[in-house]
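In what follows, a structure is listed as structure tokens, so that the remarks can point back to it.
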Amino acid sequence: MRNFISVHDVDDVNALVEKALMYKDNPFIHKNLGANKRIGLLFLNPSLRTRLSTRIAANNLGMEAVVFNIDKEGWAIEFEEGAVMNGTTVEHIKDAAPTLGLYFDILCIRSFPSLKNREEDYAETVINQFIKYAGVPIVSLESATLHPLQSFTDLITIKETFAGKTKPKVVLTWAPHVKPLPQCVANSFAQWINAWGAADFVITHPEGYELDEKFTTGATIITNQDEALKDADYIYVKNWSSYRDYGKILSSDTNWMLTNEKLKLANNAKVMHCLPVRRNVELSDEILDGANSLVTRQAGNRVWAAQAVLSEIIAPIPLKGSYSRRIK
Ligand code: CP
């Protein structure tokens, strides 16, 4: 694996899940794999889980990890080719990225979309400019449109907890929020579940919240949440702003927040969320604090997802044994 930007960078999704679960069982099995290598974690936005889990994963592989809050501690970077830099930006990506590529063996980037210009956001300029100019492997810690480490984690969490004999029904449901949020987590979850191909996958949201079809094709899309939740084994809760009316909040309907009453429609479903979550707006206390919540397990699994990805980039190592389909 050269870069990790989306599910398309992964040859075998199931094998990568197995590798992550191997690391969950044996965190230090490859403690020297990354010896004498340095990873740069560059943040243009806040983060708790991504920042810490990726750093821990790198340390488990023996790598030195340096976190750089580039938005606060670095110069303001210009990403536009040919820009006349007479405004607020100080340093061009064509100069910053190759410099960082000399300092680090792998660069990981966290950026968010503007939510103002859909074409610009969906062009993924920030991550693509790093790929173009850094000269070292690039790992997305969330980009303008995707959050691949989160979605890989989500798949690990589903595979390690699913005890059924047939394929699970997985439902991605929109939930209300007070702020317009990116579509990244929802896009990415859809992309990974579709690529996995072993779930009955349903997406439910109010009218106007349709995601980009390039991520959702293959899923059943229903605007009646109760109908979507019927017999679900997993319910993934997430807010996103409108893709059609780009970046807008079109609904604040509190009936879309998942409650124990709604959970009765499902098949004793496990409930997932990437965190951070606005309690009692996006997801109720009773669900988050209840027995069906997987959110803390998901957050913990971020370490193993990152470790598997970094390990594949440093040196792919064949697996021995099988680690999935277990509930611990
Ligand atoms: N889920 C996630 O990416 O969390 P952070 O924003 O805290 O990294």
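Quick notes on this structure:
- Candidates in the range 231-242 are the residues that are of a type outside the set (G, A, S) and out of contact with any helix residue (DSSP H, G or I) (no Cβ under 7 Å at 6 or more places or on another chain); of these, the one that is most open to solvent (accessible area, probe 1.4 Å) is D231.
- Some residue of the range 62-79 being under 28 Å from Q191 (Cα atoms) and more than 21 Å from the chain's Cα centre (by Cα): yes
- The range 96-123: number of residues that are out of contact with any strand residue (DSSP E or B) (no Cβ under 9 Å at 6 or more places or on another chain) and either open to solvent by less than 30 Å² (accessible area, probe 1.4 Å) or within 16 Å of the ligand (Cβ to nearest atom) (or both): 4
- Just one of the listed residues (A291, A308) is surrounded by 13 or more Cβ atoms within 10 Å (Cβ to Cβ) and either away from the ligand (no atom under 16 Å from the Cβ) or in a helix (DSSP H, G or I) (or both), and it is A308.
- Among the residues making up the range 217-227, a single one is open to solvent by less than 50 Å² (accessible area, probe 1.4 Å) and not aliphatic (A, V, I, L, M): Q225.
A quick yes/no check of all residues on (1) farther than 23 Å from Y246 by Cβ; (2) surrounded by 21 or more Cβ atoms within 10 Å (Cβ to Cβ):
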| position | (1), (2) |
| --- | --- |
| A198 | yes, no |
| H205 | no, yes |
| F215 | no, yes |
| L229 | yes, yes |
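- Members of the range 138-179 that are away from the ligand (no atom under 15 Å from the Cβ), open to solvent by 20 Å² or more (accessible area, probe 1.4 Å) and not hydroxyl-bearing (S, T, Y): K159, F162, A163, G164, K165, K167, K169, V178
- Condition check for I93: away from the ligand (no atom under 16 Å from the Cβ), in contact with a strand residue (DSSP E or B) (Cβ under 6 Å, 6 or more places away or on another chain) and open to solvent by less than 20 Å² (accessible area, probe 1.4 Å): yes
- Qualifying residue in the range 41-54 (condition: aliphatic (A, V, I, L, M), under 19 Å from H147 (Cα atoms) and open to solvent by 70 Å² or more (accessible area, probe 1.4 Å)): yes
So that you can scan it fast, the table gives a plain yes or no per residue for (1) within 16 Å of the ligand (Cβ to nearest atom); (2) polar (S, T, N, Q); (3) not assigned by TED's automatic domain parsing to the domain that holds K116:
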{"site": "Y236", "(1), (2), (3)": "yes, no, yes"}
{"site": "G247", "(1), (2), (3)": "no, no, yes"}
{"site": "N260", "(1), (2), (3)": "no, yes, yes"}
{"site": "V277", "(1), (2), (3)": "yes, no, yes"}
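- Evaluation of N194 against (1) touching a His at 6+ places or on another chain (Cβ under 9 Å); (2) among the polar types (S, T, N, Q); (3) assigned to a helix (DSSP H, G or I) (one fails), failing number: (1)
- Residues that are over 21 Å from the mean Cα position of the chain (by Cα) and without any contact (Cβ under 8 Å) to a residue 24 or more places away in the chain within the range 32-61 comprise just one, N36.
The values are calculated or read from the model by the stated rules, or taken from the named source; none is laboratory data. No experiment lies behind these values; they were computed from the predicted model shown. So basically every Cβ, Gly included, is an ideal-geometry build from the backbone, and we count neighbours across all protein chains shown. Quick note on the areas: whole protein, heavy atoms, side chains included, nothing else; ligands and nucleic acids left out. Shrake-Rupley method; radii C 1.70, N 1.55, O 1.52, S 1.80 Å.
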